[in-house]
Each structure stands twice: as C-alpha cells, then as structure tokens.
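Structure, as structure tokens:
The values are calculated or read from the model by the stated rules, or taken from the named source; none is laboratory data. In this text the structure is predicted, and so the values were computed from the model without any measurement. Neighbour counts run over all protein chains shown; Cβ positions are idealised from the backbone, glycine included. Ligands, DNA and RNA are excluded from the accessible area calculation, which covers all protein heavy atoms including side chains. Shrake-Rupley method; radii C 1.70, N 1.55, O 1.52, S 1.80 Å.
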Amino acid sequence: MTILLELDGLTKAYPGVVANSDVSFKIRAGGVHALLGENGAGKSTLVKTIYGLVKPDRGTMTLKGARYAPVEPRAARASGVAMVFQHFSLFEALSVAENVALGMENPPKLRDLAARIRDVSEEYGLPLDPDRRVGDLSAGERQRVEIIRCLLQDPSLLIMDEPTSVLTPQEVEILFATLRKLSSEGTSILYISHKLEEIRALCDAATILRGGKVVGETDPRQATAAELAEQMVGTKLTAPKAAGGKAGETVLQVNALSMPPASQFGTPLRDVNLTVRAGEVLGIGGVAGNGQDELLAALSGERLTARGAVTLNGADMSRLAPTARRAAGLLTGPEERLGHAAVPDMTLIENAALTGAARKGMLSNGFLNWSKARIFADEIIEKFDVRTPSAQVAARSLSGGNLQKFVIGREVLQDPRVLVVNQPTWGVDALAASAIRQALLDLAGQGAAIVVISQDLDELLEISDRFAALNGGRLGEIVPTNTLTMEKIGLMLGGAHDMEVAHV
Ligand SMILES: Nc1ncnc2c1ncn2[C@@H]1O[C@H](COP(=O)(O)OP(=O)(O)OP(=O)(O)O)[C@@H](O)[C@H]1O
C-alpha cells in the first residue's frame with residue numbers, strides 16, 4: 001500500500017478552543033478517505049492545514065515521502081494538493097473562466113482556458129459555460145467551477161469539504177463517478193461529509209474526529225451509518241417527531257407571483273401560488289437554480305412584487321421592505337450563511353441584532369440596546385448548541401455547521417408567524433440537523449406556518465406536511481407528503497406539472 005500523505009501529531013489551538021489535538025493518520029495513494037466528525041470537531045481546520053491555510057502549532061506532514069509544510073495554498077497546489085471549499089471563494093463579477101484563471105500560476109489565454117474548461121466539464125459530466133458570470137450561477141453551478149478549477153491542476157490529493165450538500169441526487173451520482181474515476185487514476189480524495197450513507201457508498205477509509213482528537217479509524221463500508229454517527233457524537237440519534245396538531249387558518253398566501261429575474265441569468269418566478277396554514281410545514285424541493293433564491297427574496301422583501309402577491313394573515317406584504325415584514329412576523333433564513341444570512345466580520349452579537357432588533361425589542365429611539373443583543377445572542381448559542389468560545393467572536397470564525405445553527409436559531413427564537421428557510425441544515429452534522437428539524441416542527445406545533453426550501457429530499461419527506469417542486473421558476477402541484485412515492489417526486493422535480501405517474 002503506497003502512502004500519499006502522512007499526518008503526525010498535528011495540533012492547532014485558537015483562543016478558547018483546541019481545534020486539532022495530536023491528529024495522526026495516513027492517506028493511501030488512490031484512496032478515498034473520509035474525515036468524519038460533528039460540527040466543530042476540527043475537520044475544516046485539519047484540511048486547511050493540509051492546504052496551507054492554517055499553520056499548525058505542532059506536528060508534521062509527509063507527502064510522497066518528503067517533508068511537507070505548505071506556507072500558503074499556492075505551495076500546496078504546487079505540491080499537487082487541491083481543495084474544493086464548503087464556502088465558495090469565487091468573484092461574483094467575473095466569468096467562470098476568469099475565476100478559474102485567477103487560481104492558476106500561469107493562466108493560458110482566456111479563450112484557450114475556456115476550451116479546456118469545456119473539455120474537463122464534459123469529460124467529468126459537470127456541465128458549465130465558461131463565459132457565464134459567477135454571480136448569476138446557482139450554488140450547484142458554483143461548486144462545479146471550484147471542482148473544475150481543481151481538476152485542471154491535475155492534483156494528487158483532492159480535498160472536498162461537504163461537496164454534495166448543494167447537489168441533487170443525480171448530480172451526486174455524477175460527482176461520485178468523477179471521484180471514482182480520479183481514484184482509479186491514482187488521485188487520493190480526502191472527503192468531508194455529514195451524509196453517512198454517501199460516505200459508505202464512496203469511501204474506503206475513514207478517520208473520526210471528536211473535540212479535535214482522532215477517536216476512531218474505520219472502514220466505512222463495513223460499518224452502518226448509525227454506527228458511524230454514534231462514534232462521531234458519542235450518543236444515539238432519534239428521528240424528529242411532529243407535535244401532530246391540526247393545521248389552522250391560512251397564514252401565508254402567495255397569489256400569482258411572477259417576478260422577472262434579478263439578472264440576465266437568474267430565474268423568473270412564474271405564476272407561483274401557495275398557501276400555508278398555521279401549524280403546517282410546506283416543503284419545496286428542486287434542483288438549485290430553479291427559482292429558490294428568487295422565491296426567498298420575494299418573500300423576505302429583498303425584492304418587491306406586485307400588490308397582493310404576498311399576504312400574511314390577509315395583510316398585503318408585497319410592497320413592504322424586509323424590516324417591516326419581520327416586524328409583522330414574516331421571517332426568512334437564506335441559503336448562503338456567510339455574506340447573506342450573516343455578516344462574516346461582525347460578531348455573533350451584531351449578527352443577532354441584524355435580524356432580531358425589531359422583534360426582540362432591542363431598539364429604542366433609534367438606538368440599539370447592545371446588552372439586549374448580547375442576551376439574545378447568548379440565548380441562540382445556548383438553545384441551539386452553537387459551539388463557540390463566546391458571542392463576541394466574528395461569525396467567520398465559527399465552523400460552518402455551527403454558524404448554520406446560529407442563523408436558524410436566530411429566526412426560530414424570534415417567534416415568527418411565518419418562517420421561510422432555504423437549505424436549513426446545509427453542512428450541519430446528523431445530530432444537529434435533527435435538532436434543527438425538530439425546532440422547525442416545534443415551531444409549527446406552536447402555530448407558526450413554515451416553508452422549508454431544500455434540496456435534501458429525505459429532509460423534506462421527514463418534516464413536511466405538504467410538498468411541491470420548484471422547476472424553472474414554476475411551482476408544481478402541492479400534494480400531501482404522505483401520498484408521495486419516489487417515482488412521483490422524480491416526475492415533479494423534472495417539471496411534470498399536474499401529470500399522473502404513467503402506469504405501464
Ligand atoms: N479562525 C478561527 N478562529 C477561532 N476559532 C476557530 C477558527 N477556525 C476554527 N475555529 C474553532 O475551531 C473548532 C473547530 O472548527 P472546524 O471548522 O475545524 O470544525 P469542523 O469539524 O470543520 O466543523 P463543521 O462540520 O461545522 O464545518 C471550532 O470550535 C471553531 O469554532
């Protein structure tokens with residue numbers, strides 16, 4: 001067995017937390033190696049160390065038999081280490097090809113690069129137009145830019161941090177085919193995911209981290225998902241339970257909502273109609289880029305719509321700005337947690353005030369009461385088990401899953417009448433994901449109307465009372481979740497509106 005990379009005693013501390021503590025393991029050449037652990041276990045810190053973004057306090061790395069200590073990502077890339085991040089590091093105003101060029105030491109002419117991007121994207125089944133502006137791409141498409149950027153470097157180690165959370169099941173299959181192909185060509189993959197079934201299907205080795213330490217090494221193909229999860233978190237998992245209350249009167253109504261796209265490449269909303277009653281969870285599924293962001297923007301007030309298109313308890317919200325909608329009880333949590341849901345350089349206290357000021361009574365005479373903001377931030381941290389040394393830290397210092405818990409907790413704890421969330425458990429570990437789903441169900445149990453937009457079908461089936469698919473900006477038929485079969489969902493996601501499943 002040839003070893004590509006050996007980690008020996010890697011340790012990294014941040015103020016108040018030891019993110020990696022004496023971490024040692026080996027990655028086989030051509031191996032697909034999983035890195036498992038709950039939110040904040042230290043996975044991202046470890047891969048950032050391997051990619052030259054974090055300098056370890058102690059410990060060494062050996063790559064292809066030689067001492068390896070990259071001082072920056074450029075050095076890591078020069079040694080054949082590439083990484084696809086959980087948060088994309090792309091410039092929105094630039095095209096796909098320009099973004100890829102920026103990551104290269106000696107970029108070829110843009111036209112030649114565009115041709116190479118087309119080739120690689122076709123070879124690996126990751127369709128992408130090199131001339132499109134990144135700002136107009138969906139999350140799934142942005143990830144393809146990152147993956148193709150890596151593949152152009154011909155890496156010997158490809159690190160992937162939560163690569164499938166923005167992908168549809170079909171896209172996941174394509175990605176796995178790509179990764180298997182790379183592995184058979186001798187490329188090693190270091191793979192971080194909270195989706196344990198995927199790990200079992202893809203990976204041939206796994207290292208489990210808890211509290212920054214290695215707590216286990218296992219062959220994931222030989223373990224059940226439940227065993228892996230229990231090793232990660234040290235406790236047993238339970239499925240969320242609905243309170244089982246009856247749905248009440250209609251709270252949120254969307255009437256013939258049509259909206260032109262925000263940009264040339266966005267998705268227009270076309271005649272979207274829906275109602276959500278008190279105590280009910282409506283699940284909206286669909287492939288990224290089919291109008292999810294636009295629907296959220298129309299509901300949050302970031303985009304204004306025609307009069308009467310969005311009503312809350314019969315009152316027209318359509319022309320109200322986000323703050324006024326929040327004050328009325330219509331709350332939203334967008335998909336992109338860094339930059340959209342939270343401001344990266346602001347503290348958690350400031351971020352808590354950002355959307356919580358009105359409903360949590362933090363404002364008086366136009367001034368913000370910071371001690372109330374701090375109390376609210378602390379409440380979110382406590383109730384949603386956000387792992388952080390304090391509320392004073394910048395949002396960007398939180399691990400991805402912990403920030404997600406924070407932004408969802410911030411909305412849930414404002415006692416919304418309507419809560420609309422997009423991808424609520426993106427990057428969240430199994431235990432925390434079930435806690436977030438439970439919190440949404442509890443909120444419904446207290447009489448709120450909930451809309452969950454998600455690409456995670458299992459999630460939608462688990463928590464929604466009714467389900468509809470968004471396709472090309474059109475919302476299909478809304479059906480009770482308990483009448484759904486996978487076959488029917490497949491048709492709905494494909495945009496087969498009001499169609500019966502063909503019986504042959
Ligand atoms: N730049 C930083 N400054 C301060 N603390 C940090 C920083 N980066 C990470 N941490 C802390 O180190 C710990 C490990 O975080 P890390 O991001 O490595 O976890 P993770 O396993 O990747 O989590 P997730 O699954 O949520 O992405 C966390 O407690 C986190 O808050």
It is to be established whether one or more residues within the range 56-79 are within 15 Å of the ligand (Cβ to nearest atom), open to solvent by 20 Å² or more (accessible area, probe 1.4 Å), outside any loop (DSSP other than H, G, I, E, B) and at pLDDT below 95. no
Note on the range 248-296: residues of a type in the set (D, E, K, R) and either open to solvent by less than 20 Å² (accessible area, probe 1.4 Å) or within 30 Å of Val172 (Cβ to Cβ) (or both) are Arg270, Glu280, Asp293, Glu294
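One line per residue, one yes/no per condition, for (1) touching a residue at least 40 places away in the same chain (Cβ under 8 Å); (2) open to solvent by 10 Å² or more (accessible area, probe 1.4 Å); (3) more than 8 Å from the ligand (Cβ to nearest atom); (4) assigned by TED's automatic domain parsing to the domain that holds Thr207:
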site: Leu7; (1), (2), (3), (4): yes, no, yes, yes
site: Pro15; (1), (2), (3), (4): yes, yes, no, yes
site: Ile27; (1), (2), (3), (4): yes, no, yes, yes
site: Ala34; (1), (2), (3), (4): yes, no, yes, yes
site: Gly37; (1), (2), (3), (4): yes, no, no, yes
site: Ala41; (1), (2), (3), (4): yes, no, no, yes
site: Ser44; (1), (2), (3), (4): yes, yes, no, yes
site: Lys48; (1), (2), (3), (4): no, yes, no, yes
Long-range neighbours under 7 Å by Cβ, at least six apart or interchain, first residue more than 19 Å from Ile189 (Cβ to Cβ) within the range 51-73, second not in a strand (DSSP E or B): Val54/Thr45; Val54/Lys48; Pro56/Thr49; Val71/Gly52; Glu72/Gly52
Cβ-Cβ under 7 Å, sequence separation 6+ or interchain: first residue in the range 207-230 and of a type in the set (Val, Ile, Thr), partner in a loop (DSSP other than H, G, I, E, B). Which pairs? Ile208/Gly37
Residues of the range 328-370 satisfying the condition of being over 27 Å from the mean Cα position of the chain (by Cα) and within 16 Å of Val420 (Cβ to Cβ): Ala328
Among Glu162, Glu123, Glu198, which is the only one that is out of contact with any Gly (no Cβ under 9 Å at 6 or more places or on another chain), within 16 Å of the ligand (Cβ to nearest atom), closer than 26 Å to Leu5 by Cβ and among the acidic types (Asp, Glu)? Glu198
Taking the range 104-125 and the residues there that are farther than 12 Å from Gln153 by Cβ, open to solvent by 30 Å² or more (accessible area, probe 1.4 Å) and among the hydrophobic types (A, V, I, L, M, F, W, C), the one that is modelled with the lowest pLDDT would be Leu110
Go through (1) in a helix (DSSP H, G or I); (2) at pLDDT below 90 and name the single condition Thr164 misses. (1)
Exactly one of (1) at pLDDT 95 or above; (2) under 29 Å from Gln231 (Cβ atoms) is unmet by His87. Its number? (1)
I need the helices (runs of 4 or more DSSP H) fully contained in the range 392-466, keeping only those with at least 2 residues that are within 16 Å of the ligand (Cβ to nearest atom) and modelled with pLDDT under 90. 400-412, 430-445
Filtered residue count, the range 346-377, keeping only those that are open to solvent by less than 70 Å² (accessible area, probe 1.4 Å), part of a helix (DSSP H, G or I) and closer than 18 Å to Glu411 by Cβ: 11
